[in-house]
Amino acid sequence: MNRGTMDEKPKVDLRAIEMLVLDVDGVLTDGRIITHADGSESKCFHVLDGHGIRLWQRAGLKVAWLSGRHSLATIRRAEELQVPYVLQDCHDKLPALQKLLEEAGVPAQKVAYVGDDLMDLPVIRYVGLGVAVANAVDEVRARADHVTARRGGEGAVREIIEHILKGAGRWQSLMERYEV
């Protein structure tokens, strides 16, 4: 059973969200990993998500990535987007998130988290706004506060960023730089 969709009222006031924490594989990417003969790997990150993260940062909000895997591709993309918190190799994500929030000085109820797989469930249930991407596993979609219309790696992060920023009344001021 799905606890919510993007059109329903969230359990938290969107104006209260101060930090967005994102899973990487399956959320910022479509979940596929290309392993090259030399052992290096490639991932596809969607440009809409990258621009959404930049908009989020321009709004003065915090962003972090929390991944179960370690990947140089993830590090490179995070550097490009100037993501200050990148936690990798986190097989038990909730304690890693709790430590991050203590360091960042952000209470859990002011955090939105986006995930797609079972290891994301404890975090989705812990934060103020738990979000599943459209192609998340059934259990995650059922327990999330919101489910995006877009799939992971296909603009789902941008979708939730716009939803939060618009719901918090922050979107229009960000759009002024694009209006002629």
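Throughout, read-outs are computed from the coordinates displayed, never taken from laboratory work. Source: prediction; values computed, not measured. With ideal geometry, Cβ positions are generated from the backbone for all residues, glycine too; neighbour counts draw on all protein chains shown.
Structural remarks
- Going from the fewest other Cβ atoms within 10 Å to the most, the residues 171, 56 appear in the order 171, 56.
- Distance from the alpha carbon centroid of region 91-108 to that of region 142-180 works out to 23 angstrom.
- Per-residue [θ]222 nm for the chain (sum of -39500 (n - 2.57) over DSSP H runs n ≥ 4, rounded to 500): -9500 deg cm²/dmol
- For the pair residue 44 and residue 149 in one chain, pulling the backbone fully straight at 0.36 nm per residue adds 35.9 nm over the alpha carbon distance.
- Nearby aspartates and glutamates by direct alpha-carbon distance to residue 62 (threshold 18 angstrom, same-chain neighbours under 8 apart not counted): 13, 18, 23, 49, 79, 80, 102, 103, 159, 162
- Loop GluC sites (Glu not before Pro), region 141-180, which have at most 10 other Cβ atoms in a 10 Å radius of their Cβ (DSSP): 176, 179
- Dipole magnitude for the chain: computed about the Cα centre from +1 point charges on Lys and Arg Cβ and -1 point charges on Asp and Glu Cβ, it is near 440 debye.
- Extension gain, residue 79 back to residue 178 (0.36 nm per residue minus Cα-Cα distance, nm): 33.2 nm
- Where labels lie 7 Å past Cα in the beta-carbon direction, separation of residue 102 and residue 58 in nm: 3.6 nm
- Kirkwood analysis of the chain, using all unique Cα-Cα pairs, places the hydrodynamic radius at 16.1 Å.
- Model label points for residue 72 and residue 51, set 7 angstrom from Cα along the Cα-to-Cβ axis, are 3.0 nm apart.
- Put a plus charge on the Cβ of each Lys and Arg, a minus charge on the Cβ of each Asp and Glu, and nothing anywhere else: the dipole of region 110-180 about its Cα centre is then about 220 debye.
- Residues residue 91 and residue 34, FRET efficiency given R0 of 30 Å [Cβ-Cβ distance, rounded to 0.05]: 0.85
- Antiparallel DSSP beta bridges within region 14-174, percent to nearest 5: 10 percent
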